[in-house]
Amino acid sequence: MKLTTRVEYFTRWGEELFLRSGNRIYPMQYSPGGIWAAEIGRLSPGQTFRYRYELHSGGLCRRTEWNDHTVTMPSAGGRKPVEVTDCWNDVPADLPLHSSPFTDGVFRQHPGRKWKAAGTAIPVFSLRSESGFGTGEFNDLKLLADWAAMTGQKVIQILPVNDTTMTGTWEDSYPYNANSSFALHPQFIHLPDAGVETDDEYCRIKAELNALPEIDYEKVNNEKRRLLRKAYATSGAKTARTKAYRSFVEANSEWLLPYAAYCTLRDEFGTAEFGMWKRHADGKDEDYSVYDREMIGNYIKSRKNEIGYHCFVQYHLHLQLSDARDYARRKGVVFKGDLPIGVSRTSADAWVNRSLFNMDSQAGAPPDAFSADGQNWGLPTYNWEEMSKDGYAWWRARLKKMSEYFDVFRIDHLLGFFRIWEIPLGEKSGLMGHFNPALPYSTEELSAMGFDMRISGAGSSGNMDVLFIEDPHRKGWWHPRIAAHSTTAYAALDDTMKQTFNRLYDDFFYHRHNAFWKESAMRKLSALLSATGMLACGEDLGMIPACVSEVMDEYMILSLEIQRMSKNPDREFADPADYPYYSVCTTSTHDMNPLRAWWEEDRKVTANYWHNVMHRDGEAPRSCEPWICREIIRKHLESSSMLTILPLQDWLSIDGELRFPDPSRERINIPVFPRYYWRYRMHLTIENLISQDKFNSELSKMIEDSGRSA
């Protein structure tokens, strides 16, 4: 059977429409009056056909519809063609209120008032419970949901939970360096529910690990791996015969089997550096460094037991996180996940889909409040042009998988979808990076401004004392070096040239790219955000060009608002009462000191806050006393934001007896240390937290009084 679709769309010169169904794309024909038509043949009677329209120019997808169209072909009536006329699906009004927590009935709106909620942010690994095994587990989220529900909270925000196992050391504790964007981390598994026997040995190790003040990452994961191997040897075959297991493997085979092969090869060769997966064995050369579907298919068949083990572990992780999600939803609580901007260069993703990544560069961030030298994450950057060819299928699959467990998600480093801070491979400092994509200056442009590129502080990789960095992809094109004002090259300029450079610098970093980066982000985000029904929140911190807020407003992505990181350059501290409704209000992130440690961080800043925000006289207290924390948190709960989500450490800060004695040990990460040990853990169990009637009553009343609990 044949289907003809038509849609009205007025294009500009060089633009054309295509129809996409899954990974197939169909050209469309233009007719006068802005009508575009596509013909799809060989459809079966009764077949349901899902599709959406895309706008292309220059061979790239520039815009896509928000939702799919669906046509079901008639099951009777012969071979008569079917014709439909569509309207372009734009972003719906009040999009956040049409996300899955609302459409699925977990959240309910009340007529006449804005919907608001409160929540808690804490990594899963930081949870502590009586049933844990030295680290937080997915099952612990059910207990946390009990506590959240009893105090009137509706959201639990966690850090990424993907597998990061690559070196087998504590360096794998970094949750933003995953070996797979789809696989869950085995450390979060609750062993008894995966068939591990709770014998004397298990209880002894469990008690030893649970007594530690922080996570012993290596011992926890080594012991879990050892016990899971035993459980798999005992019950793996039985599990593999179940219908539920077979359905899981079949539904996830596209990423699961390559991931299992990756893990097996990593262990065989003793390294996650897949470029080293070469050897001479049994009289023949074996080269697994470049992924080949047929070759890896044969490898999987030859390693059935090992492949089965990794599938077995992922199956149980899926069951446990799904169960926690369903339990929380029944309590009126949803999980907010974290979508990292990057993946590891030694990940299964980069191995299987190498063409989607620029392996000769590193992603990072320019200098900011976290790091004067910028950040170098060491992650490969994305080949967005290649990704656009199939409608960003890898991203859409990634988000679809994420939506199985989360109703809300945080887009880590949202700016990365506009442009990424790209650092040449081999460079360590983020200072030597540049934006990609970007509009660098040509040698001719700079010469016309008075800069002689032969002598005026211009250079390439390796020389940091320069005003300009040459684009690594285009000779003769130049990026102003970030923080160039601190160089001797800048100091050597006369006053006139300093003013010229200042204007050029400000234009480049804050104005020149606005339209360019806006288009860059919109063609990616429209495809990604429409892939699921999750509520999208953006981490929009750092050097924010004007186009970011424009795109966030258009797609109604909730912004991140932090009082100590004012987005108004004329104000040291933001006012929560002025935050936009579509935003997430918080006191701190995992990359910052929690409230009490921040208070002791800089006496000058604290004094300014004490006098100018709290409007108090005299000297500011040396420590952030419970009443101070209570007042700050109350102001955050009363903010205009849709969501107020605070770190657990800051909720606990309002109780002088319950909070941890040493605030300096509550920090989760220090970004300036690229090899930081992520091991913070709650100092009390969730069971103990639930039993704290006085604290929970006070917290519940604060949330209720702010209008965030109904």
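The values are calculated or read from the model by the stated rules, or taken from the named source; none is laboratory data. Given the structure is predicted, the values throughout are model-derived calculations rather than measurements. Positions of Cβ are backbone-derived with ideal geometry, glycine not excepted, and every protein chain shown enters the neighbour counts.
Here are the numbers for the structure shown:
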{"quantity": "Of all residues in region 294-346 being free of Cβ contacts under 8 Å to residues at least 60 places away in the same chain and polar (S, T, N, Q), the one that is farthest from THR242 (Cα to Cα)", "calculated": "ASN298"}
{"quantity": "Neighbours by Cβ (under 6 Å, 6+ apart or cross-chain): first from region 357-371, within 23 Å of TYR392 (Cβ to Cβ) and crowded, with 20+ Cβ neighbours inside 10 Å; second at pLDDT 90 or above and of a type in the set (A, V, I, L, M)", "calculated": "PHE357/ALA350; GLN362/ILE423; ALA363/LEU379; ALA363/ILE420; GLY364/ILE423"}
{"quantity": "Some residue of region 436-458 being assigned to a helix (DSSP H, G or I), surrounded by 21 or more Cβ atoms within 10 Å (Cβ to Cβ) and out of contact with any Cys (no Cβ under 7 Å at 6 or more places or on another chain)", "calculated": "yes"}
{"quantity": "Test: residue in region 60-77 that is among the charged types (D, E, K, R), without any contact (Cβ under 8 Å) to a residue 24 or more places away in the chain and either within 28 Å of GLU550 (Cβ to Cβ) or part of a loop (DSSP other than H, G, I, E, B) (or both)", "calculated": "yes"}
{"quantity": "GLY136 over 22 Å from ALA397 (Cα atoms), in contact with a helix residue (DSSP H, G or I) (Cβ under 8 Å, 6 or more places away or on another chain) and part of a loop (DSSP other than H, G, I, E, B)", "calculated": "yes"}
{"quantity": "Selection count where residues are part of a helix (DSSP H, G or I) and either closer than 17 Å to HIS316 by Cα or not small (Gly, Ala, Ser) (or both), scope region 185-216", "calculated": "17"}
{"quantity": "Selection from region 673-710 of residues that are of a type in the set (Phe, Trp, Tyr), closer than 18 Å to PRO647 by Cβ and not in a helix (DSSP H, G or I)", "calculated": "TYR676, TRP678, TYR680"}
{"quantity": "Failed criterion for ASP452 (all others in (1) over 25 Å from the mean Cα position of the chain (by Cα); (2) closer than 21 Å to TYR510 by Cα hold)", "calculated": "(2)"}
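Residue by residue, here is whether (1) under 21 Å from THR165 (Cβ atoms); (2) aliphatic (A, V, I, L, M); (3) at pLDDT 95 or above; (4) surrounded by 16 or more Cβ atoms within 10 Å (Cβ to Cβ) holds:
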| position | (1), (2), (3), (4) |
| --- | --- |
| VAL220 | yes, yes, yes, yes |
| ALA233 | yes, yes, yes, no |
| PHE248 | yes, no, yes, yes |
| PRO258 | yes, no, yes, yes |
| PHE274 | yes, no, yes, yes |
